[in-house]
Protein chains: 2
Amino acid sequence: MAEQTKFVLSEKDMPTAWYNINPDMPVNPAETAWNAVLHPGTKEPVTPDFLSVLFPMRFIGEAMSLDRWIEIPEEVQDVYKLWRPSPLYRARRLEKALDTPAHIYYKYEGVSPVGSHKPNTAVAQAFYAKEEGVTGFTTETGAGQWGSALSMACNFFDLECHVYMVKVSYQQKPYRRVLMESFGASVTPSPSDKTQYGQSILANDPDNLGSLGIAISEAVEAAATSNGKYKYSLGSVLGPVLMHQTIVGLEALKQFEMAGEYPDIIVGCIGGGSNFGGFAFPFLHQNFTAGKKTRVLAAEPMACPTLTKGLYTFDYGDTAAMAPIVKMHTLGHTFVPPGIHAGGLRYHGMAPHICALYDHGDIEAVALHQVPTFEAAIQFAQAEGIIPAPETAHAIKATIDEALKCKESGEAKVIAFNLSGHGHFDLGAYDAYLKKELEDYEYPDEAVQEAMTHLPEVTLG
Amino acid sequence: MAEQTKFVLSEKDMPTAWYNINPDMPVNPAETAWNAVLHPGTKEPVTPDFLSVLFPMRFIGEAMSLDRWIEIPEEVQDVYKLWRPSPLYRARRLEKALDTPAHIYYKYEGVSPVGSHKPNTAVAQAFYAKEEGVTGFTTETGAGQWGSALSMACNFFDLECHVYMVKVSYQQKPYRRVLMESFGASVTPSPSDKTQYGQSILANDPDNLGSLGIAISEAVEAAATSNGKYKYSLGSVLGPVLMHQTIVGLEALKQFEMAGEYPDIIVGCIGGGSNFGGFAFPFLHQNFTAGKKTRVLAAEPMACPTLTKGLYTFDYGDTAAMAPIVKMHTLGHTFVPPGIHAGGLRYHGMAPHICALYDHGDIEAVALHQVPTFEAAIQFAQAEGIIPAPETAHAIKATIDEALKCKESGEAKVIAFNLSGHGHFDLGAYDAYLKKELEDYEYPDEAVQEAMTHLPEVTLG
């Protein structure tokens, strides 16, 4: 009724610095920064020189920084304002549908032009590349969520963007490809004949439909062999990527002040960790430094249960064992998760920061099945109007479960989740759900056991 | 830089009444209200009894009302707040790309959960139907923009929603169908065997792929023969529909106050007239009553140039000559426009209010070709990030043309257009444009001449 539905900040209230969790990590920051990143060949810590071939220097510096607050460059803020600050909603209709005393909030990142949180880091990375005078970026994309964010960001800074898109998605999901091309990006189905690695794959298997691992390897090779013309951009996992996303949680903190409440539980879906980290870290900062006791809950798919079932050890970042080795929760880099529709959550590993925090008990995790997750997504859409991305639906399912526990206990807890993206490009998955064509996958125990036999042998000095 | 990019109203500043242009029309209001609506059989003015079979009484009352302000029911405001107030943007990056002294603004209606302005009336109509205790609505949809809006609205008010979707779209564009189904609607490919009219079509032509005209006739028949169980809902053309959309222009007026500017030119794309009317009427009200002299410009496709080339006369509202007859600009109800990608603008007629205002000289119109319109859309997307719906792209093309005239003349005019919807569900059209598969159609002179021979013979007493 007259009660407020959404909490909207004006542009002048947009945070002007990101929160860098490095100095507040419960472990030696070295364990999660670059010096815990090992070269896939030598298995020795990588050097800044090695990294600078791939990443802009400012990005590398952010990974090493122990400054708690890192100013958002004005050029980046300027682009953010095309859609930021994003709204925080009170999900009153969902509360009513669930008949729960809980107060449910969601931060809506689907308002960005490409419909997800991904531009928060894409814009920063593109600015850093522009600043260094490079020609453009290479990157990989699965269904296209990350690729479309980076394409838009490169377009704003007059950079080229060369996207290696997993071939099966390129063929079956043309819409995000068109979005990338509309922003002027070139999109190459991977494996391709543009890289040595792609050529080697095609030589053995001309009909190979690709994988994210192959696409990463192609994009990395294309940047590494460009004599500095191109840098490589990654949309999750790395510390600076998570840090760029903290604007989400920082805005939410201000919006909860407007709402006059503070969350008891913070929920995010988790694949590589960027939307979760970006939403949760500012609340963890309050836990660490301001005596708050918010529960922080990560929701992952049962088909790829990295945190809840993975081993906390050193593993390659990619499937092809060409990317650096990091310490993280992993299901084994050779593990191929079942083809669930939340493609963004099908990663064998996890952001090292998140893993360290989970290992330390600062974060909880829950693994969810696909079918009840879509069921929760439909319930949410019918209550609130917004069709969420299948990835985001995991956060919704976990939120609804917590809200129903409140109904049992009669507690009016405040629960907030990150609605990291809308599902406009994922309606094929909803079609399959509505036609009852989806199935749940049990935790793939044997496949993971097998994958664990391929972990790299690492002996740190 | 520090200059403001968007102007955001808080919920408490959302307008609480719609603007009803009836009392300010430059013609006898009777000419645009129901008493100028003729029965397609008798060709006599329709009675409220006839209309009440199809429409909720409150809706019929709005059409007849001479009250300038009609309060938005609290239940409707409550749903509006899921996405309203919508933002007004200053398109600084587009201005820079065009190197124009003009100030370009756009009101962004793509923030609604279904991505267009359509829910502004769908929600009101659904509330009126609920209030009357009916079971649900029938309606037609082409590509699905209107159908998805009404599906969402019905879902919020626990009404059934039965959508007759043009069969070729049902088969080729499944995504908006899935969106409708996610909101619990039933979607029937039209022509269907559910209605007598559909059966008669299929009997002659079992492979008929449908048309909007056929779908309208099926939806109307389904409501008219339901013994009051269902009402019929139309998403454009009618007076109350345009009035429900005036919240767009009323919000924009407040936002221009925040911006400290006032538009010299208002632009909207035009098919049936609802997004255009909703944006423009509040500014026309200022022209009529407050001495403002804003130019109001409608942008229509050259392939279906209803205002610029149509005859201002009595014609059927639908292709099948089963819908009422109204006085409007028309290309002839049997005219079949070329298959351009802006499906929402392929209507032979036009809202009677808009026609009367155009005839009186209060509104200007321009007809635009498809290919340069997509070119403008891409230029806008690359500048501002948002991919517009192909319909909306006509408003953008007209705006850019005006901004370039300002560049010639050196005038810093303020130009504002209604970004009525995003193009997430229209990327197939962008794909065709980027592949250079689209062509322009000349004004179909002969086809219109032929269609004009089928106008109904009307002799008003």
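Below, the figures for the structure above:
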read-out: Peptide B:172-184, shielding by other chains (average Cβ, 10 Å cutoff); value: 5
read-out: Dipole magnitude of the stretch B:164-252 about its Cα centre (Cβ charges: Lys, Arg +1; Asp, Glu -1), debye to nearest 20; value: 180 debye
read-out: Check: chain A dipole with +1 on Lys, Arg Cβ and -1 on Asp, Glu Cβ, in debye; value: 820 debye
read-out: Antiparallel %, DSSP beta bridges [both residues in chain A], to 5; value: 35 percent
read-out: Under 10 Å, Cβ to Cβ, from B:GLU131 - net charge with Lys/Arg +1 and Asp/Glu -1; value: 0
read-out: Cysteines without a disulfide-compatible partner [chain A; Cβ-Cβ under 4.7 Å]; value: A:CYS269, A:CYS304, A:CYS355, A:CYS406
read-out: Added length on full extension, which subtracts the Cα-Cα distance from 0.36 nm per residue, B:GLU261 to B:GLU3; value: 91.5 nm
read-out: Cβ-Cβ FRET estimate between B:ASP158 and A:THR135, R0 fixed at 41 Å, reported to 0.05; value: 0.15
read-out: Within the accessible area of the stretch A:64-171 (1.4 Å probe), percent carbon and sulfur; value: 45 percent
read-out: Virtual spin-label span in nm between A:LYS293 and A:ASP445, 7 Å along Cα→Cβ; value: 3.6 nm
read-out: Inter-site label distance for A:THR308 and A:GLU44 at 7 Å from Cα along Cβ, in nm; value: 4.2 nm
read-out: For the stretch A:150-217 versus the stretch B:74-129, the gap between their alpha-carbon centres in whole angstrom; value: 34 Å
read-out: The protein assembly as shown, dipole about Cα centre (Lys/Arg Cβ +1, Asp/Glu Cβ -1), debye to the nearest 20; value: 900 debye
read-out: Inter-label distance, nm, simple model (7 Å from Cα along the C-beta direction), B:VAL371/B:ALA412; value: 3.8 nm
read-out: Packing-based order for A:3-12, B:191-200, A:121-130, using average beta carbon neighbours within 10 Å, highest first; value: A:121-130, B:191-200, A:3-12
read-out: Dimensionless Rg over Rh [chain A; C-alpha; Kirkwood]; value: 0.94
read-out: Among the listed pairs A:LYS81/B:LYS435; B:LYS130/B:LYS397; B:LYS292/B:LYS407, those beyond 28 Å (Cα-Cα); value: A:LYS81/B:LYS435; B:LYS130/B:LYS397
read-out: Linear extension gain, A:GLN196 paired with A:SER52, 0.36 nm per residue minus alpha-carbon span; value: 49.7 nm
read-out: Proximal charge balance of B:TYR443 [Cβ under 12 Å; K/R count +1, D/E count -1]; value: -4
read-out: Among B:ALA403, A:TRP69, B:PRO352 - extreme Cα towards positive end, dipole of the protein assembly as shown, charges at beta-carbon; value: A:TRP69
read-out: Share antiparallel - DSSP beta bridges, the protein assembly as shown, percent rounded to 5; value: 35 percent
read-out: Inter-chain Cβ neighbour average for residues A:384-394, partner chain, 10 Å; value: 3
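The values are calculated or read from the model by the stated rules, or taken from the named source; none is laboratory data. From a predicted model like this one, the values you see are computed outputs, not experimental measurements. Here the Cβ is made from the backbone with ideal geometry for all residues, glycine too, and neighbour counts use every protein chain on show. These accessible areas exclude ligands, DNA and RNA; they are computed on the full protein's heavy atoms, side chains included. Shrake-Rupley method; radii C 1.70, N 1.55, O 1.52, S 1.80 Å.
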